[in-house]
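The values are calculated or read from the model by the stated rules, or taken from the named source; none is laboratory data. These numbers come from a predicted model, not from an experiment. When we count neighbours, we look across all protein chains shown, and the Cβ atoms used for this are built from the backbone with ideal geometry, even at glycine.
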Amino acid sequence: MALLTFESLLIAFLIHIVLHLLLPLVVAWLFFRDRWKRAWLIMLATMLVDLDHLAADPIFDPERCSVGFHLLHTWPAVGVYVAALFVPRVRLVGAGLVIHMGLDVLDCL
């Protein structure tokens, strides 16, 4: 695997964070237009799922795939997040978490 430079890691990290902010915004605007601000904030709040990174050693490893490694990023957890899409009361939380996991999987490719 090629050696990653600080600059390439920083750019990848910034793109990752921007996507975590913008993709939920696009989904909120397209599918929850009558309440897009609330929907976006709820989906943004699901970024708290990354608190499970604090239990890892090291907390951040650019070579590690978070999906399948961190407790709240396991495949069974992802299954629960997908199931939440079908429960109206938690649909926005499920959407935020599925978006989050999908973006995190992209880091694993």
Odd one out for Gly79 among (1) free of Cβ contacts under 8 Å to residues at least 24 places away in the same chain; (2) under 11 Å from the mean Cα position of the chain (by Cα): (2)
Residue match in region 13-20 (condition: exposed (fewer than 12 other Cβ atoms within 10 Å of the Cβ) and more than 13 Å from the chain's Cα centre (by Cα)): yes
Count of residues meeting criterion [in contact with a Phe, Trp or Tyr (Cβ under 8 Å, 6 or more places away or on another chain) and over 17 Å from Phe13 (Cα atoms)] in region 96-109: 2
Qualifying residue in region 78-88 (condition: among the small types (Gly, Ala, Ser), surrounded by fewer than 16 Cβ atoms within 10 Å (Cβ to Cβ) and at pLDDT 95 or above): yes
Scan of region 47-77 for residues that are farther than 24 Å from Leu22 by Cβ and of a type in the set (Phe, Trp, Tyr), ordered by number: Phe69, Trp75
